[in-house]
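K.L.:
Take a look at this one; I'll ask things after.
The values are calculated or read from the model by the stated rules, or taken from the named source; none is laboratory data. For clarity, every value in this text was computed on a predicted model and none was experimentally measured. Positions of Cβ are backbone-derived with ideal geometry, glycine not excepted, and every protein chain shown enters the neighbour counts. Ligands, DNA and RNA are excluded from the accessible area calculation, which covers all protein heavy atoms including side chains. Shrake-Rupley method; radii C 1.70, N 1.55, O 1.52, S 1.80 Å.
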Amino acid sequence: MKLNGAHILCDGLVKEGVEIVFGFPGGKVIELFDTFAHYPQLRFVLVRHEQAAAHAADAYARVTGKVGCCVATSGPGATNLVTGIANAHLDSVPMVAVTGQVDRGSLGRDAFQEVDITGITLPITKHNYLVMKSDEMAEAVKEAFHIAGTGRPGPVLIDVPSDVWVEQSEYTYPEKIELPGYKHKLPVYPTQIKKALKAISEARRPIIVAGNGVIISNAHVQLKELAEKAQIPVVNTLLGLGCFPQDHVLYYGMTGMHGMAYANYALNEADLIVAIGMRFDDRVTSKLSTFAPRASVVHIDIDPAEIGKNVKANVAVVGDVKEVLTALNKDIETLSHGDWLKQIEQWKSDHPSHEIRDTDRLLPQYVVRCISDVSGGDAVIVTGVGQHQMWAAQFSVINKPRSFVSSGGLGTMGFSLPAAIGAQMGRPDETVWSIDGDGSFQMTLQELATIAQEKLPVKIAILNNGYLGMVRQWQEFFWDKRYVATPIASPDFVKIAEAYGIEAMRVTNKADVLPAIEKATNYDGPFLIDFRVEPEENVLPMVKLGSAISELIEQPKSEVSTW
Amino acid sequence: MVASVKHTLVALVEDKPGVLNRSASLFRRRGFNIESIAVGHSEIRGLSRMTIVVDGASTAVEQVEKQLYKLVDVVKVIDITEDRMVSRELALIKVSATAAQRSEIVQIADIFRARIVDVAPDSVMIEVTGDEAKLNSLLELLKDFGIKELVRTGRIAMVRGTSEAVPIDEESVQKIKRRRKKTKTEK
Ligand SMILES: Cc1ncc(C[n+]2csc(CCOP(=O)(O)OP(=O)(O)O)c2C)c(N)n1
């Protein structure tokens, strides 16, 4: 069968199980868009900026476990994707981005809207392709989805010169992948499992740090089994939230820069860290030389390059987290760590980092807790970047994996709204809350139009503090309160929403928070709430800059209620 | 003697556009201190062989290996520093030489089994191969005559003996062959 490049791509997308493509058209993909008309199986979602297409595809992938897909034209379309691709890369999100390119004859001549997007995205993709002939297309598509979705997932870009879209070639979709250099299925070595088991059984103060890898590998059941059998307390990284039941007696919250004090103390005192699908990011470790000084490390990760990159591993177990945990669970002894758990409980009651200040004022933490209460912990929470992100992480209950969507590695302001689009499309029957900051929201608020056009019932909570709050907090703590460039004026968000045809309201009193959230939840359609929260509230605890994770700035205890 | 901090890595990579770029981009981004890279064909069609010299004092060599492995086009990476290996560089050296100095230079070149490949009224060009130490000694001796121009390749290296130092599994070889066949029939 002869097909042109555009048809080969579309057919490949269908064969790879793609249902939704996020994107934006332009001259160098016009043939491709024309071809979409022949593929009703592919739902095309028109965003208002290509960055949003990448974030939506990213969030769609995170909440479904499938490979997300986005499309943009050459030049500015492609460069607008870059932030979104980098975001997916740093958080190991499977995604295939397709870009148009100038025709083959014009390549390298600085033609209109030509940029070297394969060059630009070299360090922020797992792999990328410049498809120079239509008969290379099928293989590129097949390989791209395979590479994006297997091993440690990541974004793959396919760049296509415009004349390749219309070039005909003989087409059969390849059945097999022939990638000699791509070894994603690494065998789990029994000797390493034995060593890990030995380390665990000998430890007296062990702790599990569970990260995104547990979620990617769908290993939450195996994690619970391990923790319970060996009676090891569990803490999460930001992206690990949801991979362990949060009402579990062994669960001690998030660790890191804004982690729970007791979680950080536990890491600091532990004699063994079992690191599972996490990469010792500096937001977790703070000052490396002082990180967990008493602990040896069992590091479980699918990416061999993560072992020993930041923290030395005493036992390295390379492999898919689920396989490794299954192997561990087979032979793990039943252990007990009563004294150690008691110690952590003590820290927890001495340093109740999860409590909210007792006041009538409208606190952002209170808004987050109400959202969580109303949804019973079953909503998909999608955040921007800043204080609100940390409050969302600290005060939401996340019952299931793939339900807390946040830009961890890149920390991309503006992520929340477009990501909420992808999350809602991936989980159409669930409540999706975008918890955003007034600053972050203004970076991508044009996507309200996409939400309206696609009729997505996304709920949006803006924790509007009138500041670029996280930066303001740093200025307050470390730069003598010189608030340079952090007070931020905003338009009337309620009117903005209404202009886009989206229902909205403003909340200025604590008493109105709960009713507003209930109203939004029950409303059949998108709903935005502009919460005018306490302007200078801080995210606490906070690890002092350049210190050990046990050196924390905490909420004064007198202010805390047992709400 | 202090153990050498210079590591010799050999990477077999698919013969594809951009593969050198990918490797170089990786080294730069991660701040790896690379002393030299030499790339050329290997004994397997479709596979190029890179010899990479890494300064082990300033760079975590294991990270270089592991990060290289993450590149999809990289089939095999191996550190042969500890193996018995032959390592060679090639240099072309243009040395100032009056007619009177020529014979002395020729003598020096002879000692190093270097060859005079061009003679001009005021200079000679010397071609020399050898390991880094040998090339450095020759350059040291020629310094006083005046080195007008110098070009050195990066190091290439191979392990002595009959066994392959860079074993590559049969399945990968077959995959590479099939990929090559496919691109050929397309052409
Ligand atoms: C694109 C981008 N630019 C700048 C930053 C740096 N930054 C981190 S948090 C923050 C403030 C965020 O303000 P807002 O969205 O209002 O949230 P808040 O902290 O007030 O909750 C800034 C500017 C960033 N993370 N991303």
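K.L.:
So what are the radius of gyration and Dmax for the Cα set of segment B:26-121, in Å?
P.N.:
For segment B:26-121, the Cα-based Rg and Dmax read 19.3, 57 Å.
K.L.:
Per residue of B:69-76, how many C-beta atoms from partner chains lie within 10 Å of its own C-beta, taken as a mean? Don't skip to the answer; put the middle values down first.
P.N.:
On the way: counts 6, 10, 4, 12, 5, 3, 5, 2.
Mean partner-chain Cβ count within 10 Å for B:69-76: 6.
K.L.:
Let me have the relative contact order for chain B, percent, based on Cα pairs under 8 Å that are six or more residues apart. List each step's numbers first, then the result.
P.N.:
On the way: 309 pairs, mean separation 45.9, N = 187.
RCO, chain B: 25 percent.
K.L.:
Need the full-extension length gain, residue A:218 to residue A:452, defined as separation in residues times 0.36 nm minus the C-alpha distance. One decimal, nm. Display every interim value, and only then the final one.
P.N.:
Details: separation 234, 0.36 × 234 = 84.24 nm, distance 3.27 nm.
In short, 81.0 nm is gained.
K.L.:
For Cα pairs less than 8 Å apart in space and 6+ apart in sequence, what is the mean separation divided by the residue count of segment A:2-170, i.e. the relative contact order in percent? All intermediate terms of the calculation are to be shown ahead of the outcome.
P.N.:
Numbers: 382 pairs, mean separation 48.6, N = 169.
Relative CO of segment A:2-170 lands at 29 percent.
K.L.:
Continuing with the same structure: Using a 7 Å offset from the Cα along the Cα-to-Cβ direction at both residue B:84 and residue A:481, what is the distance between the two label points in nm, to one decimal?
P.N.:
7.5 nm
K.L.:
Under a plain spin-label model, where a point goes 7 Å from the Cα along Cα-to-Cβ, how far apart in nm are residue A:289 and residue B:148?
P.N.:
It works out to 5.3 nm between the two label points.
K.L.:
Moving to a separate point now. Taking a ≥ b ≥ c as the square roots of the Cα gyration tensor eigenvalues, with a/c under 1.5 meaning rounded and otherwise prolate when a/b beats b/c, else oblate, which class fits segment A:182-242?
P.N.:
On the way: a/c = 2.06, a/b = 1.06, b/c = 1.94.
Note, shape of segment A:182-242 comes out oblate.
K.L.:
Heavy-atom accessible area per residue, segment A:356-539, 1.4 Å probe: how many Å²?
P.N.:
Details: 6520 Å² over 184 residues.
That works out to 35 Å² for each residue.
K.L.:
Further question on the same structure: Given 0.36 nm per residue, what is the gain on full extension from residue A:38 to residue A:201 after removing their alpha carbon distance, in nm? Please report the intermediate quantities before stating the final value.
P.N.:
Details: separation 163, 0.36 × 163 = 58.68 nm, distance 5.95 nm.
Going from the current span to full extension adds 52.7 nm.
K.L.:
Compute the distance in nm between two label points, each set 7 Å from the Cα along the Cα-to-Cβ direction, one at residue A:361 and one at residue A:495.
P.N.:
It works out to 2.8 nm between the two label points.
K.L.:
Quantify how much of the Cα-Cα distance distribution of the protein assembly as shown extends past 48 Å, in percent.
P.N.:
Details: 74978 of 280875 pairs.
So the pairs more than 48 Å apart make up 27 percent of the total in the protein assembly as shown.
K.L.:
May I pose another question? Suppose we compare each residue of segment A:181-211 in its chain alone and in the full protein complex with a 1.4 Å probe; which ones drop by at least 50 Å² of accessible area?
P.N.:
A:181
K.L.:
Using amide H atoms built in the peptide plane, which far-off residues or other-chain residues are under 5 Å from residue A:43 H to H?
P.N.:
Sorted by chain and number, the residues that satisfy this are A:20, A:21.
K.L.:
Same structure, new question: If a/c stays under 1.5 just call it rounded; otherwise compare a/b with b/c (prolate if a/b is bigger, oblate if not). Do that for segment A:190-350, with a ≥ b ≥ c from the square roots of the Cα gyration tensor eigenvalues. Walk me through the numbers before you get to the answer.
P.N.:
Details: a/c = 1.32, a/b = 1.14, b/c = 1.16.
Since a/c stays below 1.5, the shape of segment A:190-350 is classed as rounded.
K.L.:
Normalised by the residues of chain A, what does the relative contact order come to in percent, with Cα pairs under 8 Å and at least six apart? Walk me through the numbers on the way to the answer.
P.N.:
On the way: 1296 pairs, mean separation 78.7, N = 563.
Once divided by the residue count of chain A, the mean separation gives 14 percent.
K.L.:
Using the per-residue mean of other Cβ atoms lying within 10 Å as a proxy for protection, in what order, highest first, do the peptides A:313-326, A:189-202, A:330-343 fall?
P.N.:
A:313-326, A:189-202, A:330-343
K.L.:
For n ≥ 4 DSSP H runs only, could you compute -39500 (n - 2.57) per run for chain A, divide by its residues and tell me the 222 nm figure to the nearest 500? Write out the running numbers ahead of the final one.
P.N.:
Values: 22 runs with 208 residues, N = 563.
Dividing the helical sum by the residues of chain A leaves -10500 deg cm²/dmol.
K.L.:
While we're here: Sort B:178, A:283 by heavy-atom solvent-accessible area, probe 1.4 angstrom, most to least. The partial results should precede the final answer.
P.N.:
Values: B:178 95, A:283 120 Å².
Descending accessible area places them as A:283, B:178.
K.L.:
Nearest 100 Å², what total accessible surface is buried between chain B and chain A (probe 1.4 Å)?
P.N.:
Rounded to the nearest hundred, the buried surface is 2100 Å².
K.L.:
Compute the Cα gyration tensor for segment A:356-539, then decide on rounded, prolate or oblate, letting a ≥ b ≥ c be the square roots of its eigenvalues: rounded whenever a/c is under 1.5, prolate when a/b is larger than b/c in the other cases, and oblate in all that remain.
P.N.:
Numbers: a/c = 1.44, a/b = 1.37, b/c = 1.05.
The shape class here is rounded.
K.L.:
Same structure, new question: Calculate what fraction, in whole %, of the accessible area of chain A sits on carbon and sulfur atoms when a 1.4 Å probe is rolled over the protein chains.
P.N.:
Details: 10500 of 20570 Å².
Result for chain A: 51 percent of the exposed heavy-atom area is carbon or sulfur.
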